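Asker: Please find one structure pasted underneath; my questions will follow.
Every read-out reported here was derived from the displayed coordinates using simple, explicitly stated rules and does not represent laboratory data. Keep in mind the model is a prediction, meaning the values are calculated, not measured. Glycine also receives a Cβ, built like all others from the backbone with ideal geometry; neighbour counts cover every protein chain displayed.
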Amino acid sequence: MSDVQKKTFVVTRFDPDRDQVPKTQSYEVPVEPDWKVLDALNFIKDHIDPTLSHRWSCRMAVCGSCGMLVNGEPKLTCKVALSSYGDTVEVAPLPNFPVIRDLVVELDGFMEKFEHVKPWIIRAKERAVEDGPMRQSPEELEEFKHFSMCINCMLCYAACPVVANEPEFLGPAAIALGHRYSLDSRDEGAGERNRIFRGEGTVFACSYANECSEVCPKNVDPAAAVNQAKLKAVIDWAAGLVLPRRAEE
Amino acid sequence: MTEVLRHDVVIVGGGAAGLRAAIAAVEADPGISVALVSKVYPMRSHTVSAEGGAAAVARDDDSFEMHGYDTVKGSDFLGDQDVIQYFVEQAPPELTRLEHWGCPWSRNADGTVATRAFGGMTTKRTWYAADKVGFHMLHTLFQHSMRFDRIVRYDEQFVTKLLVEDGAVRGVAALDIRQGEVRAILGRAVILATGGAGKCFPFTTNGNIKTGDGMALAYREGVALKDMEFVQYHPTGLPGTGILITEATRGEGGRLFNARGERFLETKPEYGVGSKLELGPRDMISRAIFQEIRAGNGIQGTFGEYVHLDLTHLGRELLEKRLPFVLELARTYAGVDPVTQPIPIRPVVHYMMGGVDTDIDGATELAGLYAVGECAAHSMNGANRLGSNSLTECLVFGARAGRHAVGHAKDSGDGSEDPLRRQVEEEAARIDGLRGRAKGSEKLTQVRDEMTQAMESGCGVYREQASMRSATETLAQLRRRCADVALEDRSRVFNTEIVAALELVNMIDVAETVAVAALQRRESRGAHACSEFPGRNDREFLHHSLVYYEPAGPRFDKKDVALGRWEPEERKY
Ligand SMILES: Cc1cc2nc3c(=O)[nH]c(=O)nc-3n(C[C@H](O)[C@H](O)[C@H](O)COP(=O)(O)OP(=O)(O)OC[C@H]3O[C@@H](n4cnc5c(N)ncnc54)[C@H](O)[C@@H]3O)c2cc1C
Ligand code: FES
């Protein structure tokens with residue numbers, strides 16, 4: 001056996017079938033040196049308590065399922081090493097979302113926000129397949145590439161002080177995604193999205209706390225996207241004053 | 001009262017194949033309504049993890065003939081050549097569509113789409129978006145699908161049964177994971193797009209959700225599973241976790257070394273990869289690594305022996321630009337930095353060549369039932385899939401099946417709802433009976449571990465008659481023991497224990513077909529390497545294998561391979 005070490009996991013439990021309010025439950029887990037937080041949760045599920053509910057799938061930091069609050073910070077549990085924590089590790093569901101059960105939160109609200117920014121290529125005239133791929137220079141790709149890296153893990157919503165106060169706020173990931181499409185040289189939908197971004201509870205609601213970018217496990221930098229989107233929305237609006245028809249196109 | 005929802009076409013699965021089918025269906029007829037049912041939110045589907053790329057002829061030095069021949073040869077001549085011909089012709093338009101929908105393909109300096117080398121491909125024809133191709137394809141498809149109101153999503157709904165009446169499929173029974181209810185989702189055509197079954201094995205690149213559900217659903221309704229013995233081992237997985245280090249690393253120039261620092265694919269011609277070296281096909285390279293380890297040339301580590309994948313000569317700049325995800329994965333999950341250190345790797349279960357038996361339209365022998373993506377076998381991969389063909393396959397055949405399903409749905413009537421409602425009520429009662437079924441003497445995790453161990457020892461890289469036979473026996477016993485598993489979670493809300501129990505039954509069904517088909521194939525072809533029968537035997541075994549479900553135990557049958565264009569020849573590189 002490799003040096004067996006034990007850690008105590010204090011896990012938030014909530015089953016709407018029987019609980020009024022969430023409670024915590026402690027588990028002692030023999031951990032391996034190379035384990036991530038998710039490995040310990042899977043150990044609990046498989047060997048100690050099969051009633052624990054949590055989401056996970058890829059265990060390689062790309063499907064975005066396993067976001068949770070670990071010792072008070074939003075983390076991708078399949079990516080953070082247990083070795084960076086002490087003998088006691090607290091695991092709770094992501095804040096700023098309704099809890100379905102235990103560590104599982106409700107995402108439907110986010111899915112609506114996500115759709116709201118029109119995350120697809122908008123063109124006045126769609127290109128025929130026979131015409132082949134569009135050209136896009138490596139520099140044009142660089143413009144939006146990092147904003148397209150979001151895995152929808154929701155850590156940024158859990159960290160965002162604005163979402164905490166105004167659950168309706170469009171939020172970092174959705175704004176970054178809309179902005180990603182507006183920056184894409186193949187897209188002509190920036191005007192439409194700028195109109196969305198000028199609406200209530202969108203880019204201007206952001207207080208630029210930058211928490212979202214700090215917790216992002218994929219370095220998407222949503223805070224930068226929100227800031228850029230703000231600027232674009234304003235410039236577009238100002239241009240609309242001069243050339244009223246363009247903004248409405 | 002059981003809730004009954006109605007659509008024209010029901011698609012089970014929100015990965016690349018399911019999403020492409022859904023888009024094709026609503027584009028074929030804007031009046032059509034599609035249910036997209038998935039046990040996870042579509043963007044969590046395991047397509048997301050694909051790293052290396054998607055193949056389609058793009059360059060002037062390439063041709064359909066070459067892509068076709070590479071694929072046929074890669075399949076060890078078990079691929080159906082009409083299907084492969086259609087595939088290579090449709091591949092470029094499908095990847096172009098994805099480009100139009102916003103996929104951030106990596107680019108050449110002139111703005112054209114960049115391509116990279118991949119195993120078993122004679123030229124650079126693998127389109128890529130750095131090394132996160134599946135992620136970008138999946139998100140592009142998912143986001144594009146949101147344009148269509150007629151694609152109605154049912155997220156986190158687990159399909160437990162196909163509803164069949166009068167010889168035709170009429171919909172599915174789905175467990176709402178969040179609420180615990182079982183509902184009927186009816187449609188005049190059903191497309192299975194549920195992905196692979198790597199979780200039947202202990203060491204795999206596959207995520208937790210790849211449990212062969214769709215294969216098992218079809219199998220239990222009398223549809224054959226085809227070519228199940230062919231399980232692809234990817235040569236380069238991280239020891240311990242099985243996390244994939246993409247073949248694109250070798251496409252970009254990565255090399256394999258044993259403990260003696262020997263580049264064994266070069267020094268030992270008997271491995272059969274010829275001048276392709278690290279860009280040989282996966283079955284051959286996995287066997288070579290396995291033999292190196294057997295011969296004592298492996299490097300000892302915490303998780304058994306491994307060999308080295310060396311990228312250090314490629315330089316930081318190239319690695320950061322083309323393989324950033326590999327850097328992240330190796331640093332996070334293996335504790336090595338590929339810029340300066342070799343990556344420990346060993347072969348790992350990756351992909352199922354076999355699946356639900358379909359024709360070129362994705363249609364099965366059950367009227368109205370289609371299958372696409374990794375859960376299907378249209379027979380384009382035969383005995384060994386070439387890397388980067390399967391993402392494209394999801395698009396090409398997803399689109400075709402989507403259109404055909406619409407055609408079928410328009411030509412069929414709704415029929416009566418009552419017998420279907422009754423089926424769903426029975427299914428709901430069955431699942432209620434499972435929930436928190438405390439009595440039972442078996443543990444779920446124990447049965448699951450025994451299944452994966454049986455598969456590893458019976459159906460690994462090299463297979464022996466005795467171990468395959470004992471795997472089939474173990475699996476038959478495990479199937480019985482599965483009925484006696486105790487379940488503790490009584491909650492209706494997000495009960496993942498019950499989902500795991502249902503998945504386990506599916507995996508055991510699928511695993512059994514793998515072992516049964518493997519035992520029948522007394523030759524070595526593609527990924528099936530049988531120690532007692534080391535050569536390929538076209539005279540007796542140039543056929544697909546079919547396994548049918550029978551209450552008494554699986555029944556074996558065979559089916560001809562569509563040849564005609566490329567004659568079977570010795571597979572030498
Ligand atoms: C790590 C890795 C890397 C890879 N890299 C490449 C590559 O570079 N190039 C390449 O060509 N191929 C690659 N592959 C293979 C390729 O990614 C897969 O074959 C392909 O993505 C499968 O797509 P799919 O749509 O068939 O299934 P998946 O993406 O697995 O989707 C299956 C869907 O079915 C749903 N589902 C399953 N069961 C049920 C049920 N019971 N009820 C409801 N819904 C259900 C799931 O929720 C999911 O939405 C790779 C595979 C892996 C594992
Ligand atoms: S399990 Fe997929 S991101 Fe963690």
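Asker: Determine the principal axes of the Cα atoms in chain B, then give the extent along each, sorted from largest to smallest and rounded to whole angstroms.
Answerer: 68, 56, 49
Asker: Short version: ³J(HN,Hα) in whole Hz for each residue of segment A:121-136, in order, from phi by Karplus 6.51 cos²θ - 1.76 cosθ + 1.60 (θ = phi - 60°), x for Gly and Pro, what are they?
Answerer: Rounded to whole hertz, the list is 6, 10, 9, 4, 10, 6, 7, 6, 4, 4, 6, x, x, 6, 8, 8.
Asker: Taking 60 Å as R0, compute the FRET efficiency from the Cβ-Cβ separation of A:ALA238 and B:GLU266 and round it to 0.05.
Answerer: Efficiency computed from Cβ-Cβ geometry: 0.40.
Asker: Can you give the relative contact order of chain B as a percent, counting alpha carbon pairs under 8 Å and 6+ residues apart?
Answerer: Relative contact order for chain B comes out at 22 percent.
Asker: Can you give the Rg to Rh ratio for segment A:108-248, taking only C-alpha atoms and Rh from Kirkwood?
Answerer: Checking Rg against Rh, the ratio lands at 0.98.
Asker: Let me ask something else about it. Cα gyration tensor of segment B:236-346, axes a ≥ b ≥ c as square roots of the eigenvalues: rounded (a/c below 1.5), prolate (a/b > b/c) or oblate?
Answerer: oblate
Asker: Ok, one more. Under a 5 Å amide H to amide H cut-off, with H placed in plane at 1.01 Å, what residues pair with A:GLY189 once short-range neighbours are removed?
Answerer: Close amide H contacts, sequence-distant or interchain: A:ILE122.
Asker: Using a Förster distance of 60 Å, how high is the FRET efficiency between A:GLU73 and B:ASP560, based on the Cβ-Cβ distance and rounded to 0.05?
Answerer: 0.50
Asker: Here is a follow-up. For segment A:108-248, what is the relative contact order in percent, using Cα pairs closer than 8 Å and at least 6 residues apart in sequence?
Answerer: 28 percent
Asker: Related question: Suppose every Lys and Arg Cβ carries +1 and every Asp and Glu Cβ carries -1, with no other charges. What dipole size does segment A:6-105 come out with about its Cα centre, to the nearest 20 debye?
Answerer: The dipole magnitude comes to about 220 debye.
Asker: Enter the mean number of other protein chain beta carbons within 10 Å of the beta carbon of each residue in B:102-115, as an integer.
Answerer: For this peptide, the per-residue mean of nearby foreign Cβ atoms is 5.
Asker: Okay, moving on. If you restrict to DSSP beta bridges whose two residues both lie in the protein assembly as shown, what percentage is antiparallel, to the nearest 5?
Answerer: 70 percent
Asker: Could I ask something else about it? In nm, to one decimal, how far is the modelled label at A:GLU188 from the one at A:GLU112, with both set 7 Å along Cα→Cβ?
Answerer: 3.2 nm
Asker: Where does each of B:TYR233, B:TYR462 land when they are ranked from fewest to most other beta-carbon atoms within 10 angstrom?
Answerer: B:TYR462, B:TYR233
Asker: Given the pairs A:LYS7/A:LYS36; A:LYS79/A:LYS218; A:LYS145/B:LYS210; A:LYS45/A:LYS218; A:LYS6/A:LYS45; B:LYS73/B:LYS268, which span a C-alpha to C-alpha distance of over 18 angstrom in this model?
Answerer: Pairs exceeding the cut-off: A:LYS145/B:LYS210; A:LYS45/A:LYS218; B:LYS73/B:LYS268.
Asker: Toward the positive end of the charge dipole of the protein assembly as shown, about the Cα centre and with charges on Cβ (Lys, Arg +1; Asp, Glu -1), which of A:GLY191, A:SER148, B:VAL396 goes farthest?
Answerer: A:SER148
Asker: Over the whole of B:494-506, what's the average partner chain Cβ count within 10 Å per residue? Rounded to a whole number, please.
Answerer: If you average over the peptide's residues, the count of other-chain Cβ atoms is 3.
Asker: Next question, about the same structure. Cut-off 19 Å, label point 7 angstrom out along Cα-to-Cβ of A:VAL4: give me the residues of segment A:29-55 whose amide nitrogen falls inside.
Answerer: A:29-36, A:39-49
Asker: If you restrict to DSSP beta bridges whose two residues both lie in chain B, what percentage is antiparallel, to the nearest 5?
Answerer: 65 percent
Asker: Now for a separate question. Rounded to the nearest 20 Debye, what is the dipole magnitude of chain B about its Cα centre when Lys and Arg each give +1 and Asp and Glu each give -1 at the C-beta?
Answerer: 920 debye
Asker: Kindly express, to the nearest 10 degrees and within the range 0 to 90, the angle between helix B:282-294's C-alpha long axis and the longest C-alpha principal axis of chain B.
Answerer: 70 degrees
Asker: So what's the net charge close to B:THR246: Lys and Arg +1, Asp and Glu -1, counting the other residues with Cβ under 9 Å from its Cβ?
Answerer: -2
Asker: What shape does the protein assembly as shown have by the C-alpha gyration tensor, where a ≥ b ≥ c are the square roots of the eigenvalues, rounded means a/c under 1.5, and otherwise prolate means a/b greater than b/c and oblate the rest?
Answerer: Taking the square roots of the gyration eigenvalues as a ≥ b ≥ c, the protein assembly as shown is rounded.
Asker: Using a simple spin-label model with points 7 Å from Cα along the Cα→Cβ vector, what separation in nm is obtained for A:ASP87 and B:GLN520?
Answerer: Placing both labels 7 Å along Cα→Cβ, they lie 5.9 nm apart.
Asker: If we count trypsin sites (Lys or Arg not before Pro) as exposed when they sit in a DSSP loop and have at most 10 other beta carbons within 10 Å, what is the longest stretch of chain B that avoids them all?
Answerer: B:1-438
Asker: Separate question: Starting at the first residue of segment B:77-85, write each ³J(HN,Hα) from the Karplus equation 6.51 cos²θ - 1.76 cosθ + 1.60 with θ = phi - 60°, in whole Hz, x for Gly and Pro.
Answerer: Going residue by residue, I get 6, 9, x, 7, 6, 5, 5, 5, 4 Hz, with x marking Gly and Pro.
Asker: Going by how many other beta carbons lie within 10 Å of each one, how would you line up B:GLU320, B:GLU374, fewest first?
Answerer: The fewest-first ordering by Cβ neighbours comes to B:GLU320, B:GLU374.
Asker: Taking chain B as the reference, fit the longest principal axis to its C-alpha atoms, fit the long axis of helix B:324-333 to the helix C-alpha atoms, and give the angle between the two in degrees, 0 to 90, nearest 10.
Answerer: On a 0 to 90 degree scale, this one is about 80.
Asker: Further question: Treating only the Cβ atoms of Lys and Arg (+1) and Asp and Glu (-1) as charged, compute the dipole magnitude of the protein assembly as shown about its Cα centre; round to the nearest 20 debye.
Answerer: 600 debye
Asker: Taking neighbour Cβ counts within 10 Å as the exposure measure, how do B:TYR69, A:TYR208, B:TYR154 sort from fewest upward?
Answerer: Going from sparsest to densest Cβ surroundings: A:TYR208, B:TYR69, B:TYR154.
Asker: Let me ask another. Relative contact order for segment A:6-105 using alpha-carbon pairs under 8 Å, separation at least 6, rounded to a whole percent?
Answerer: 34 percent.
Asker: Name the residues whose placed amide hydrogens come within less than 5 Å of the amide hydrogen of B:ARG437, ignoring near sequence neighbours (fewer than 5 apart) on the same chain.
Answerer: B:LEU487
Asker: Restricting the count to DSSP beta bridges whose residues both fall in segment B:435-560, what percent are antiparallel, rounded to a multiple of 5?
Answerer: 75 percent
Asker: Are there any trypsin sites (Lys or Arg not before Pro) in segment A:100-157 that are in a DSSP loop and have at most 14 other Cβ atoms within 10 Å? List them by number.
Answerer: Taking segment A:100-157 and a limit of 14 other Cβ atoms within 10 Å, the loop trypsin sites (Lys or Arg not before Pro) found are A:ARG123, A:LYS125, A:ARG135.
Asker: Then there is this: Mind checking the mean number of beta-carbon atoms from other chains within 10 Å of the Cβ atoms in A:109-115?
Answerer: Mean shielding by partner chains, rounded to a whole number: 2.
Asker: How large is the helix-only mean residue ellipticity at 222 nm for chain B, computed as the sum of -39500 (n - 2.57) over DSSP H runs with n ≥ 4, divided by its residue count, in deg cm²/dmol to the nearest 500?
Answerer: Counting only the DSSP helices, I get -11500 deg cm²/dmol.
Asker: Specify the angular offset, from 0 to 90 degrees and rounded to the nearest 10, of the alpha carbon long axis of helix B:64-74 from the longest principal axis of the alpha carbons in chain B.
Answerer: 90 degrees
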